[in-house]
Amino acid sequence: MSTRLADTFARCRAENRAALVTYVMAGDPDPETSLRVLRALPEAGADIVEFGLPFTDPMADGPAIQAAGLRALKGGQTLARTLELVRRFRDENAGTPVILMGYYNPIYTYGVARFLDDAKAAGVDGLIVVDLPPEEDDELCLPTIQAGLAFIRLATPTTDEARLPAVLANTAGFVYYVSITGITGTATPDFGVVAGAVERIRRHTDLPVVVGFGVKTGEHAAAIARSADGVVVGSAIVDALARSLDGEGRAGTGSVEAVTTLVRDLAAGMRAGRAG
């Protein structure tokens with residue numbers, strides 16, 4: 001099993017800060033631009049990268065990420081092409097963890113055993129599959145763990161004390177706490193409530209607790225970084241890229257810089273938040 005996730009969280013703890021986890025959609029707005037963005041994220045301050053799997057029928061994604069997925073699909077992005085982008089990323093970056101985040105249907109269609117073999121060979125570190133509950137662990141979660149990859153589970157504000165042990169049972173890498181009740185990028189979390197939820201989850205697990213959904217600015221990231229082991233930013237980054245595209249949805253000379261400018265601000269805000 002790759003130690004990239006554990007090594008990253010250990011390094012961030014040693015630096016007295018939370019990890020910055022950035023989400024971008026694979027193939028948005030085209031494969032080559034997507035790869036350039038992926039390669040630029042660690043240099044801008046991202047510690048972990050979530051690479052979205054485009055899907056026609058997402059249930060947890062807000063408007064920004066839905067639009068990104070549609071742009072990627074329009075450009076011909078597939079699961080096989082996403083794995084190829086990860087392979088090419090690994091040619092230049094051996095240390096940054098890459099998490100694939102999406103829905104089960106594309107993986108099921110690809111074939112679970114084949115997918116896990118190819119994902120591991122490409123250099124993927126873990127999966128977040130939002131529509132597979134613990135009751136379906138035999139489908140993908142347990143095979144993922146057996147393949148040596150982390151299966152990262154979501155906990156939400158409605159995950160009560162009775163449900164939490166089931167959610168955590170086969171979770172690896174980190175616990176992803178969804179800070180709002182709703183879809184991505186549509187609301188700002190109550191930071192005090194989030195801090196309490198993080199502490200509650202920590203009473204049940206030694207895994208790092210990472211918070212996502214609704215984090216849009218350096219100030220938001222800083223507030224959450226005071227209590228969490230990591231902060232996920234997705235919709236705001238996807239939006240920054242979308243605003244850089246032309247009227248036909250094509251990338252321009254400033255598209256990568258639009259993403260890295262925001263990521264640098266987020267990273268700086270998180271460092272300031274933990275220091276404060």
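The residues of the chain present an accessible area of 40 Å² per residue when probed at 1.4 Å with all protein chains retained.
Roughly speaking, what is the stretch gain from H204 to T56, that is 0.36 nm per residue apart minus the C-alpha to C-alpha distance, in nm to one decimal?
49.8 nm
When the accessible area of the chain is split by element with a 1.4 Å probe, what percent falls to carbon and sulfur?
So the carbon and sulfur contribution to the accessible surface is 51 percent.
An ellipsoid equivalent to the range 3-273, defined through the eigenvalues of its Cα gyration tensor, has semi-axes of 25, 23, 18 Å when rounded to whole angstrom and sorted largest first. The range 228-276 and the range 7-61 have Cα centres lying 10 Å from one another.
Using alpha carbons only, the radius of gyration of the range 102-249 set against its Kirkwood radius gives Rg/Rh = 0.99. For the chain, the Cβ-based charge dipole about the Cα centre amounts to some 640 debye (Lys, Arg positive; Asp, Glu negative; other atoms uncharged). Between the listed residues V112, V198, A267, the Cα displaced farthest toward the positive end of the dipole of the range 3-273, a dipole computed from Cβ unit charges relative to the Cα centre, is found at A267.
Extents of the range 23-159, largest first, come to 38, 32, 30 Å (Cα atoms, principal axes, whole angstrom). Picking from T144, A221, A240, whose Cα lies most toward the positive end of the charge dipole for the chain (charges on Cβ: Lys, Arg +1; Asp, Glu -1)? Result: A221, furthest along the dipole toward the positive end.
The values are calculated or read from the model by the stated rules, or taken from the named source; none is laboratory data. All figures in this text were calculated on a predicted structure; none of them were measured in a lab. For neighbour counting, all protein chains shown are included, and Cβ atoms are generated from backbone atoms with ideal geometry for every residue, glycine included. Keep in mind that these areas ignore ligands, DNA and RNA; they rest on the heavy atoms of the full protein, side chains included. Shrake-Rupley method; radii C 1.70, N 1.55, O 1.52, S 1.80 Å.
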